[in-house]
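*Asks:* I have a structure I would like to understand better, so I am pasting it below and will then ask my questions one at a time.
The values are calculated or read from the model by the stated rules, or taken from the named source; none is laboratory data. Note that this is a predicted model, so its numbers are computed, not measured. We place every Cβ from the backbone using ideal geometry, glycine too, and count neighbours over all the protein chains shown.
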Amino acid sequence: MKIAKAEVIVCCPGRNFVTLKLTTDDGVTGLGDATLNGRELSVASYLKDHICPLLVGRDAHQIEDTWQYLYRGAYWRRGPVTMSAIGAVDMALWDIKGKVANLPVYQLLGGASREHVIAYSHATGRDIPETLDAFAKYKEKGFKAIRVQCGIPGMKSVYGVSKGGAYEPATKGWPEEQSWSSEKYLNYVPQLFAAVREKFGFDIHLLHDVHHRLTPIEAARLGKEIEDYHLFWMEDPTPAENQEGFRLIRQHTTTPIAVGEVLNTIWDCKQLIEEQLIDYIRMTITHGGGLTHMRRVADFAAMYQVRTGCHGPSDLSPVCMGAALHFDLWAPNFGMQEYMGYHEQTMEVFKCAWSFNDGFMHPSDTPGLGVEIDEKLAAKYPYEPAYLPVARLEDGTLWNW
Ligand code: CS2
Ligand code: MG
């Protein structure tokens, strides 16, 4: 069974997505998500200009060899653009293999390790009362795990907090600039967790994302101060390029730590995992080089009792969500899946067999990944430049993501 066609579909149904579609010589199709927020076209070009021509004529069943060919063979390894492109090819090949075998992908990975997959969503608000209202709404929808982010007094806007309507990380046009104060944030945010626990108790998982904004010692302070609120995880407390920086955080706090949505290979998280500096690894199928590589990451993490916590924002397509759910259902050391939800138009373009029900998700038993794309409808939503904001300190210094 040879790959006969490799096509890249770029569309913007509510936000930009890059999708790879592979077709075999006997007409089986497979989809892969290649979306890299704010750098979508670079992955589209990597695929169109450098990978698609190499795929045509290859055996669609040779997933491992194709992965190695694209990773080792290119000379230039790792990085988000390369790994997202490889991830999309890998996903599409697993989709094809599942369809040919007439089995959902999780069965090919080794079968289900659990009945369904716990997922968390985002409760956000301009202040604490508004966030508590949002929290109550997610609880009513059945979520057993909820992430909270809120506005900080004295700061005009805070990343991760909805400006009204469905929350979308990127905004149309060139990057916005936001101002950030670690002092104001650190002095205020513990009150948010106190308020949630006071109102909703401890019988629900509570999560929070720091978006890499703190230094290690600041993150240590925050982790320590919020220990009594028993967070499920504190996410991305500090940038992870300096992996040993997490030792400092670990020395001070038992608040669990989740890292990895900007990491792409096993090498990027090797020390974090080996030294047990984190509790959850957040890489997901697109940016983490596909199921083939993420399986390796999960097995490595399992040796150190690190669990998975796949990134699941609206800026990874429903194809990635489908793949992540097959992975989550299989991974013996699965921890938590993020599920931000999607724009209505996104869900019209992508037809998904996966489901959310009462706080849990399931990839479905549809053969393959269980996600298809309506290409005609996708063509009605052409690419629109949109970017994540940039953070500066109050004196203008460019700050971390
Ligand atoms: C966030 C994302 O979901 C998360 O945890 O960190 O909103 C992230 O910032 C975006 O996916 C970036 O593209
Ligand atoms: Mg995050």
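Here is a yes/no grid of residues against (1) under 30 Å from Ala195 (Cβ atoms); (2) surrounded by fewer than 22 Cβ atoms within 10 Å (Cβ to Cβ):
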residue	(1), (2)
Leu36	no, no
Lys48	no, yes
Val56	no, yes
Ser84	no, no
Met91	no, no
Val105	no, no
Leu109	no, yes
Arg114	no, yes
Val117	yes, no
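*Asks:* Check segment 98-120 and report whether any residue there is within 16 Å of ligand 2 (Cβ to nearest atom) and either hydroxyl-bearing (Ser, Thr, Tyr) or in contact with a Gly (Cβ under 9 Å, 6 or more places away or on another chain) (or both).
*Replies:* Within segment 98-120, one or more residues are within 16 Å of ligand 2 (Cβ to nearest atom) and either hydroxyl-bearing (Ser, Thr, Tyr) or in contact with a Gly (Cβ under 9 Å, 6 or more places away or on another chain) (or both).
*Asks:* Which number in (1) in contact with a helix residue (DSSP H, G or I) (Cβ under 7 Å, 6 or more places away or on another chain); (2) of a type in the set (Gly, Ala, Ser); (3) within 16 Å of ligand 1 (Cβ to nearest atom); (4) touching a residue at least 60 places away in the same chain (Cβ under 8 Å) marks the one condition that Ala112 misses?
*Replies:* (3)
*Asks:* Considering only residues that are aliphatic (A, V, I, L, M) and under 16 Å from Trp174 (Cα atoms), look in segment 376-397 and name the one that is nearest to ligand 1 (Cβ to nearest atom).
*Replies:* By that ranking, first place goes to Leu388.
*Asks:* Among the residues of segment 161-209, how many are among the β-branched types (Val, Ile, Thr), modelled with pLDDT of 95 or more and under 17 Å from Asp127 (Cα atoms)?
*Replies:* So the count comes out to 2.
*Asks:* To continue, here is another question. Can you spot a residue in segment 154-174 that is away from ligand 1 (no atom under 13 Å from the Cβ) and under 25 Å from Arg250 (Cβ atoms)?
*Replies:* Checked segment 154-174: no residue is away from ligand 1 (no atom under 13 Å from the Cβ) and under 25 Å from Arg250 (Cβ atoms).
Conditions (1) within 15 Å of ligand 2 (Cβ to nearest atom); (2) assigned by TED's automatic domain parsing to the domain that holds Thr124; (3) on the phi < 0 side of the Ramachandran plot; (4) part of a helix (DSSP H, G or I), marked per residue:
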{"site": "Phe143", "(1), (2), (3), (4)": "no, yes, yes, no"}
{"site": "Val148", "(1), (2), (3), (4)": "yes, yes, yes, no"}
{"site": "Lys156", "(1), (2), (3), (4)": "no, yes, yes, no"}
{"site": "Glu168", "(1), (2), (3), (4)": "yes, yes, yes, no"}
{"site": "Glu183", "(1), (2), (3), (4)": "no, yes, yes, yes"}
{"site": "Asn187", "(1), (2), (3), (4)": "no, yes, yes, yes"}
{"site": "Gln191", "(1), (2), (3), (4)": "no, yes, yes, yes"}
{"site": "Asp203", "(1), (2), (3), (4)": "no, yes, yes, no"}
{"site": "His211", "(1), (2), (3), (4)": "yes, yes, no, no"}
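*Asks:* Can you tell me which residue within segment 213-229, out of those that are under 22 Å from Trp399 (Cα atoms) and outside any helix (DSSP H, G or I), is farthest from ligand 2 (Cβ to nearest atom)?
*Replies:* Thr215
*Asks:* Can you tell me which residue is nearest to Tyr339 (Cα to Cα) among those in segment 255-281 that are of a type in the set (Ser, Thr, Tyr) and touching a strand residue (DSSP E or B) at 6+ places or on another chain (Cβ under 8 Å)?
*Replies:* Tyr280
*Asks:* Okay, moving on. Among the candidates Glu338, Glu348, which residue alone is out of contact with any His (no Cβ under 7 Å at 6 or more places or on another chain) and either of a type in the set (D, E, K, R) or over 30 Å from Thr238 (Cβ atoms) (or both)?
*Replies:* Glu348
*Asks:* Here's something else I'd like to know. Would you please list the contacts, defined by Cβ atoms under 9 Å and residues six or more apart or on different chains, that run from a residue in segment 230-259 that is assigned to a loop (DSSP other than H, G, I, E, B) to a residue that is at pLDDT below 95 and within 16 Å of ligand 2 (Cβ to nearest atom)?
*Replies:* Matching pairs, first to second residue: Asp236/Trp401; Thr238/Asn400; Pro239/Asn400; Pro239/Trp401.
*Asks:* In addition: Count, please, the residues in segment 208-234 that happen to be hydrophobic (A, V, I, L, M, F, W, C), in contact with a Pro (Cβ under 6 Å, 6 or more places away or on another chain) and more than 13 Å from ligand 1 (Cβ to nearest atom).
*Replies:* 3
*Asks:* So, one more: If we scan segment 269-289, do we find a residue that is outside any helix (DSSP H, G or I), within 16 Å of ligand 1 (Cβ to nearest atom), within 25 Å of Ala219 (Cα to Cα) and touching a residue at least 60 places away in the same chain (Cβ under 8 Å)?
*Replies:* No; the residues of segment 269-289 include none that is outside any helix (DSSP H, G or I), within 16 Å of ligand 1 (Cβ to nearest atom), within 25 Å of Ala219 (Cα to Cα) and touching a residue at least 60 places away in the same chain (Cβ under 8 Å).
*Asks:* Of the numbered conditions (1) touching a helix residue (DSSP H, G or I) at 6+ places or on another chain (Cβ under 8 Å); (2) crowded, with 22+ Cβ neighbours inside 10 Å, Asp236 satisfies every one except a single condition; which is it?
*Replies:* Checking Asp236 against (1) touching a helix residue (DSSP H, G or I) at 6+ places or on another chain (Cβ under 8 Å); (2) crowded, with 22+ Cβ neighbours inside 10 Å, the one that fails is (1).
*Asks:* Pick out the one residue from Ala195, Ala219 that is in contact with a helix residue (DSSP H, G or I) (Cβ under 8 Å, 6 or more places away or on another chain), small (Gly, Ala, Ser) and in contact (Cβ under 8 Å) with a residue 60 or more places away in the chain.
*Replies:* Sole residue among the options that is in contact with a helix residue (DSSP H, G or I) (Cβ under 8 Å, 6 or more places away or on another chain), small (Gly, Ala, Ser) and in contact (Cβ under 8 Å) with a residue 60 or more places away in the chain: Ala195.
*Asks:* Tell me, which residue of segment 119-141 that is in a strand (DSSP E or B) and among the polar types (S, T, N, Q) is surrounded by the fewest Cβ atoms within 10 Å (Cβ to Cβ)?
*Replies:* Thr124
*Asks:* Those residues that are assigned to a helix (DSSP H, G or I) and either within 16 Å of ligand 1 (Cβ to nearest atom) or not assigned by TED's automatic domain parsing to the domain that holds Thr124 (or both), I need them from segment 326-358; list them, please.
*Replies:* Asp328, Thr346
*Asks:* Select, from Asp33, Asp65, the only residue that is closer than 15 Å to Gly290 by Cβ, among the charged types (D, E, K, R) and without any contact (Cβ under 8 Å) to a residue 12 or more places away in the chain.
*Replies:* Asp65
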